[in-house]
Amino acid sequence: MDSTKTYTVDEARKKLEHYCAYQERCHKEVRQKLRDMRMIPEAIDVIMVQLISDNFLNEERFAQAFVRGKFRIKKWGKNRLRRELKFRDISKYSIDTALKEIDLDDYYSTLDDLIQKRMAQVKEPNVYKKKKKVADYLLYRGWESALVYEKLNDYFG
């Protein structure tokens, strides 16, 4: 982006409408984009209000799309999803609403698939070390520890 270019409020709003229409965005991202465009705080507030009232920006919709996408594609667990949304300054209410989007049967079967896939990848003869490596992998991806160990105990007895 050309750092010397200046924008009127209308130009900036139009640019951000396209930015938000292309992909769901969180408020934090949009605010940062406006700062990068060298908009003054008052203009940022005016544009943010406009984008929200015209439904280009919607925190709850962003959170739901984020959760669906990261769960389906990256197979993240609820802890990681919650952490990433908090990092984006999403409200607790929107986070909780978004996490309810995940079907529990899908959630458990995804965890089972991940465990089976990872157990096949980990070449470790020691059963305890193998269990720990698989658990670490899942915990890093944000799966709840109680759930991970419960499922691993089903596999390892």
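Readers should treat all values here as calculations from the given coordinates under stated rules, not as data from a laboratory. These numbers were taken from a predicted model, which means no experiment stands behind them. Cβ: placed from backbone, ideal geometry, glycine included. Neighbour counts: every protein chain shown.
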Q) Which one of 146, 134, 99 is farthest out on the positive end of the charge dipole of the chain, using unit charges on Cβ (Lys, Arg +1; Asp, Glu -1) and the Cα centre as origin? A) 134
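Counting Lys and Arg as +1 and Asp and Glu as -1, each charge on the Cβ, what is the dipole of the chain about the Cα centre in debye, to the nearest 20? Intermediate results must be reported in sequence, preceding the final value.
Numbers: 34 positive and 26 negative charges, 182 e Å.
I would put it at about 880 debye.
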Q) What residues have an amide H closer than 5 Å to that of residue 76, excluding those fewer than 5 places away on the same chain, when H is modeled at 1.01 Å from N in the peptide plane? A) 71
(Q) What is the angle, in °, between the Cα long axis of helix 59-69 and the longest principal axis of the Cα atoms in the chain? Nearest 10 is fine, range 0 to 90. (A) 40
(Q) Please give me, ordered by residue number, the trypsin sites (Lys or Arg not before Pro) of segment 7-98 that lie in loop per DSSP and have at most 15 other Cβ atoms within 10 Å. (A) 38
Q: Treat every Asp and Glu Cβ in segment 9-53 as -1 and every Lys and Arg Cβ as +1, leave all other atoms uncharged, and give the resulting dipole magnitude about the Cα centre to the nearest 20 debye.
A: 140
Q: Please report how far the C-alpha centroid of segment 18-93 lies from that of segment 96-132, rounded to the nearest whole angstrom.
A: 28
Q. Relative to the longest principal axis of the chain, what angle (0 to 90°, nearest 10) does the C-alpha long axis of helix 145-156 take?
A. 30
**Q.** Between helix 127-140 and the chain: long-axis angle, C-alpha atoms, 0 to 90°, nearest 10
**A.** 10
Q. What lysines sit close enough to residue 5 to cross-link, taking a C-alpha to C-alpha distance under 30 Å and skipping anything fewer than 8 places away on the same chain?
A. 14, 15, 28, 33
Q: Collect residues whose amide H, placed 1.01 Å from N in the peptide plane, falls under 5 Å from the amide H of residue 57; neighbours closer than 5 in sequence don't count.
A: 52
(Q) Tell me which of 121, 67, 111 sits at the most positive position along the dipole axis of the chain, charges placed on C-beta atoms (Lys, Arg +1; Asp, Glu -1). (A) 121
Q. Taking the Cα centre of segment 59-99 as origin and charging only Cβ (+1 Lys, Arg; -1 Asp, Glu), how large is the dipole, in debye to the nearest 20?
A. 320
